[in-house]
1. Take the residues of the stretch 10-24 that are aliphatic (A, V, I, L, M) and open to solvent by 30 Å² or more (accessible area, probe 1.4 Å): which is nearest to residue 75 (Cα to Cα)?
2. Name the single residue that is nearest to residue 75 (Cα to Cα) among those in the stretch 25-58 being among the small types (Gly, Ala, Ser) and at pLDDT 95 or above.
3. Report, by residue number, each residue of the stretch 39-63 that is exposed (fewer than 15 other Cβ atoms within 10 Å of the Cβ) and basic (Lys, Arg).
4. Please tell me if residue 66 is of a type in the set (Ser, Thr, Tyr), open to solvent by 40 Å² or more (accessible area, probe 1.4 Å) and touching a residue at least 40 places away in the same chain (Cβ under 8 Å).
5. Mind checking whether some residue in the stretch 28-36 is surrounded by 15 or more Cβ atoms within 10 Å (Cβ to Cβ), out of contact with any Lys or Arg (no Cβ under 6 Å at 6 or more places or on another chain) and touching a residue at least 12 places away in the same chain (Cβ under 8 Å)?
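The values are calculated or read from the model by the stated rules, or taken from the named source; none is laboratory data. Nothing here was measured: the structure is a model prediction, and the numbers come from that model. Ideal geometry is used to build each Cβ from the backbone, glycine not excepted, and the neighbour counts take in all protein chains shown. The area values use the complete protein model at the heavy-atom level, side chains included, leaving out ligands, DNA and RNA. Shrake-Rupley method; radii C 1.70, N 1.55, O 1.52, S 1.80 Å.
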Amino acid sequence: MEKSNQSADFIMIKALEDGVNVIGLTRGTDTKFHHTEKLDAGELMIAQFTEHTSAMKIRGKAKIYTSFGDVESGD
């Protein structure tokens, strides 16, 4: 049974510094960037994996909260 967008996994990203980039990557035979956001320190972004988004790339120091646990990016 395929997940609908309403039940797809969410992640929450909290920027720990200014200029954190969140980049959405597409599904399919060619992986491409399809969306970018820039977050400043203290800003939160809640993102969802969908039929179009298969991966996210996070540049900069941030805390990422998922259903699998929490992890920090950056130095």
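1. Ranking the qualifying residues of the stretch 10-24, first place goes to 16.
2. So the residue we want is 41.
3. Of everything in the stretch 39-63, those that are exposed (fewer than 15 other Cβ atoms within 10 Å of the Cβ) and basic (Lys, Arg) turn out to be 57, 59.
4. Criteria met by residue 66.
5. Checking the stretch 28-36: not a single residue is surrounded by 15 or more Cβ atoms within 10 Å (Cβ to Cβ), out of contact with any Lys or Arg (no Cβ under 6 Å at 6 or more places or on another chain) and touching a residue at least 12 places away in the same chain (Cβ under 8 Å).
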